[in-house]
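Working notes for the structure below.
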Amino acid sequence: MADFRTSTHRSKWILTPRDLLEKREAANWRARKMLEDLGLTRLDVDIDGSISYPEPLQDSKAERHSIKALNCEEEQLLRVFYEQKIQEVCGAFKFPHKIQGTAIIYFKRFYLQWSVMEHHPKHIMLTCVYASCKVEENHVSAEELGKGIQQDHQMILNNEMVVLQSLGFDLIVYAPYRSIEGFIDDMEGFTEARDSVQTKLKELQVAAKFEVDRAMLTDAPLLFPPGQLALAALRRSNEILKVINFERYLERITSAERNSQNASQLVESLNAIDLLVDKLSIPTAKDMRHIDRKLRSCLDPSSQEESKKREKKSKHKSKRALSEMQEDHIEG
Amino acid sequence: MGDGRGIAGGTGGAAGGVSNRPVWMQQYDLMGKIGEGTYGLVFLAKTKKQKSCIAIKKFKQSKDGDGVSPTAIREIMLLRELSHDNVVKLVNVHINHADMSLYLAFDYAEHDLYEIIRHHREKLNHSINQYTVKSLLWQLLNGLNYLHSNWVIHRDLKPSNILVMGDGDEQGVVKIGDFGLARIYQAPLKPLSDNGVVVTIWYRAPELLLRGKHYTSAVDIWAVGCIFAELLTLKPLFQGVEVKGTSNPFQFDQLDKIFKVLGHPTPDKWPTLVHLPHWQNDQQHIQGLKYDNPCLHNYVHLPPKSPAYDLLSKMLEYDPRKRLTAAQALEHEYFRIDPLPGRNALVTTQPGEKIINYPARPVDTSTDFEGTTSIHPQPEMLFLGVLQHHQLCLPEQVHVQFLWLGCRGCHKQTCQLSILLLKLVLEDLIQELCLFNVVLQHKHINSS
């Protein structure tokens, strides 16, 4: 589908910062409520793809209060962590670059409706990669995918329906990578094609691809169309590589643009994207250890009790559990 | 989309235990089964609110234990983005958690080109009027032009996939259907020929038969050319015998049929021909074969200088790069001369010409939404199904009699008696109807 203008991506999935905040707060609130009422937050996805709510735990209320729910910032950190994992997994499988882009967008859209406390992001991340492969005609069986990262593939299949459903079956997404190619092509015409410039444009393209990879980990893909993400990445890269006069280039494209967006509006968007990328903090293993422990206790308090005991027995074991979580997915 | 939204609230998720029917099914009255394919089943249903007819396509879970059928995913994801008068409209997607199947709800189209052509060939014994042929073709190309300009190749165009709307405000409007094989060709990650053989062999373009790797939207235009010829002559233009078995076998008979009508292709007229694997290998010595001069106009009974023939021959151009595009075809002179194409392809334009009542789709009322055949078909449903299907053919007293019998409910004896009676009456009517009836009777007796 070449036409972004008539796409579901544009009409339904480019949101405002306020939309994002509201949806995430709603999901977080729902999970908190569930923790309060039932003592745990995990939703079971059965083999048939249906979701069941947990039975209330029999523990006393006081005990339940000892379990703290994740707050919105912690949820955010977890999501970023697993989005980065999507890039690692797809890299390890040597999938075409578009696969990870699509999978990350699916993952982001999924967690606009759910809290990480309801569906474990590790499961959803793999299911998003699996669905992305199907949609981008790069079919990999769930078994292969599961094997490659030593995860149970049945979990991927169990979650497939709930992921597709949560995406509202809007499966065609526009990642910014193709837009970069398009702009580079266009720039070739803009700068009279000298060989030296050609080579530099290629460098610019490679650098911009890395920049977009970073932007994909922010909220920007839910807030801006792919063309603007691509332009922002090209502008950032150009500041270092200094290949073209970017201001003049932006003027040129806004004057040619059909949809009457003026140059200052476009620059404003690009600045906003830059800001998001600058603010991006990728959680460290230490951040993650704390959050992951919290998440596990929300999802399943009983396992937490056991792990506490285990922790007491041998400290290095719990360290191992964390590094497993981080490294399991990149093997294969 | 319907079930897709709002599920985060937990409403959609809790639905559908193993024994419970999904809640969404309650919004429809099931009329019966209208089709079957490798992907699953197609049902006819009416929405309880607006009473509009909906075709519901049920996709089974993919057999190899690999989750949701990729065919269903392909069809959904494309149709969610497409919106055009001449493309079938996907109105909803439903999930049955009990068997992990997807149900795609479409606006219902009563007719398709396969049935329209068959009706003319077998029942009416006369050709389809010029206005209808031209209108059907124009709308088909119009829809295809939209698809191609959105970088979608259909890849499986054939008369049974070209739907035509029945009574209602869209009467006689063409809808391109069945996107299970459609592909976006903007940036394929793999060569397009990788995922198996596509396009029913009779409508398959020569570059595909010769195993071209990077084929284009031109394959759809070839299929439209074949369909155009079939609308004119009421029989498939290139009716080759398909070689089955091994994956992507060489379809010699199909090529032979094409060469007999269009002449032998030459690298002169089709420069890239020499790069196509099957031509290069020449295992069946197709290069050396001798064919008479092209005689397409004789096959389709068109004067070689007529605009209709000119358009047809340009859609059946060997070289895909020289073949007309959908946009070019729409501009062709054929569509600018009388009779001009119209929106309702099924109306008559000539005064005194009889309106053709194309038969409605047969509805098998004994299958339920899950696709299981019911053991005790309700007699009134059977009769209503038969009556609805053929009410124009049944004499009035018979019609009344059956309604009366049918309304008495499932009294075993009444039931058998009425089915026998129905059979007797129908034997005098149409052969096909009898077959339908025998099936019903058979099922019923088995169950009693």
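The values are calculated or read from the model by the stated rules, or taken from the named source; none is laboratory data. If you're wondering where the values come from, they're calculated on a predicted model, not measured in any experiment. Cβ atoms come from the backbone with ideal geometry, glycine included; neighbour counts cover every protein chain shown. For accessibility, only protein heavy atoms count, side chains too; no ligands or nucleic acids. Shrake-Rupley method; radii C 1.70, N 1.55, O 1.52, S 1.80 Å.
Miscellaneous remarks
- Any hit, the range A:116-129, residues being within 11 Å of chain B (Cβ to nearest Cβ) and part of a helix (DSSP H, G or I): yes
- Selected residue (criterion: most open to solvent (accessible area, probe 1.4 Å)) from residues of the range B:60-80 that are in a loop (DSSP other than H, G, I, E, B) and among the polar types (S, T, N, Q): B:GLN61
- Residue within the range B:304-319 that is in the same structural domain as B:HIS275 (by TED's automatic domain parsing), part of a loop (DSSP other than H, G, I, E, B) and within 16 Å of B:ASN145 (Cα to Cα) present: no
- Taking the range B:81-116 as the range and being farther than 30 Å from B:VAL133 by Cβ and open to solvent by 20 Å² or more (accessible area, probe 1.4 Å) as the test, the residues that pass are B:ASN92, B:ALA98, B:ASP99.
- Pick from the range A:267-286, criterion within 22 Å of A:ARG252 (Cβ to Cβ) and not hydrophobic (A, V, I, L, M, F, W, C), ranking: most open to solvent (accessible area, probe 1.4 Å): A:GLU268
- Every pair of residues 6+ apart whose Cβ atoms lie under 9 Å, when the first sits in the range A:240-253 and is on the phi > 0 side of the Ramachandran plot while the second is in a helix (DSSP H, G or I): A:LYS242/A:LYS200
- Of all residues making up the range A:1-30, the number that are outside any helix (DSSP H, G or I) and in contact with a Leu (Cβ under 6 Å, 6 or more places away or on another chain): 1
- Pairs with Cβ under 6 Å, 6+ apart, first in the range B:222-245 and of a type in the set (A, V, I, L, M), second not in a helix (DSSP H, G or I): B:ALA223/B:LEU157; B:ALA229/B:LEU237; B:LEU231/B:ILE128; B:VAL243/B:PRO249; B:VAL243/B:GLN251
- Selected residue (criterion: farthest from A:LEU250 (Cα to Cα)) from residues of the range A:169-195 that are of a type in the set (Phe, Trp, Tyr) and either within 11 Å of chain B (Cβ to nearest Cβ) or surrounded by fewer than 21 Cβ atoms within 10 Å (Cβ to Cβ) (or both): A:PHE169
- Filter result for B:TYR291 (modelled with pLDDT of 90 or more and open to solvent by less than 80 Å² (accessible area, probe 1.4 Å)): no
- Going through (1) touching a residue at least 24 places away in the same chain (Cβ under 8 Å); (2) in a helix (DSSP H, G or I); (3) open to solvent by less than 20 Å² (accessible area, probe 1.4 Å); (4) facing chain B (nearest Cβ under 10 Å) one by one, A:VAL140 falls short only on (2).
- Residues of the range B:135-144 classified as crowded, with 24+ Cβ neighbours inside 10 Å and more than 16 Å from the chain's Cα centre (by Cα), total: 1
- Failed criterion for A:SER166 (all others in (1) touching a residue at least 12 places away in the same chain (Cβ under 8 Å); (2) open to solvent by 30 Å² or more (accessible area, probe 1.4 Å); (3) facing another protein chain (nearest Cβ under 10 Å) hold): (2)
- Filter result for A:GLN198 (in contact (Cβ under 8 Å) with a residue 60 or more places away in the chain, open to solvent by 10 Å² or more (accessible area, probe 1.4 Å), among the polar types (S, T, N, Q) and in a helix (DSSP H, G or I)): no
- Screening A:LEU126 against (1) surrounded by 22 or more Cβ atoms within 10 Å (Cβ to Cβ); (2) farther than 30 Å from A:LYS68 by Cα leaves a single unmet condition, (2).
- The requirement of being at the interface with chain B (Cβ under 10 Å from one of its Cβ atoms), open to solvent by 10 Å² or more (accessible area, probe 1.4 Å), not hydroxyl-bearing (Ser, Thr, Tyr) and not in a helix (DSSP H, G or I) is satisfied by A:GLN113.
- Here A:LEU145, A:LEU234 are screened, and the one residue that is touching a His at 6+ places or on another chain (Cβ under 8 Å) and either within 14 Å of chain B (Cβ to nearest Cβ) or more than 27 Å from B:ILE95 (Cβ to Cβ) (or both) is A:LEU145.
- Residues of the range A:132-170 that turn out to be within 14 Å of the chain's Cα centre (by Cα) and either of a type in the set (D, E, K, R) or over 20 Å from A:ARG42 (Cβ atoms) (or both), as a count: 2
- Subset tally (residues that are on the phi > 0 side of the Ramachandran plot and open to solvent by less than 10 Å² (accessible area, probe 1.4 Å)) for the range B:227-278: 1
- Evaluated against (1) under 26 Å from B:ILE153 (Cα atoms); (2) exposed (fewer than 15 other Cβ atoms within 10 Å of the Cβ); (3) of a type outside the set (Asp, Glu), B:GLN284 falls short on exactly one condition, (1).
- Residue within the range A:249-264 that is under 27 Å from A:LEU167 (Cβ atoms), more than 23 Å from the chain's Cα centre (by Cα) and surrounded by fewer than 15 Cβ atoms within 10 Å (Cβ to Cβ) present: yes
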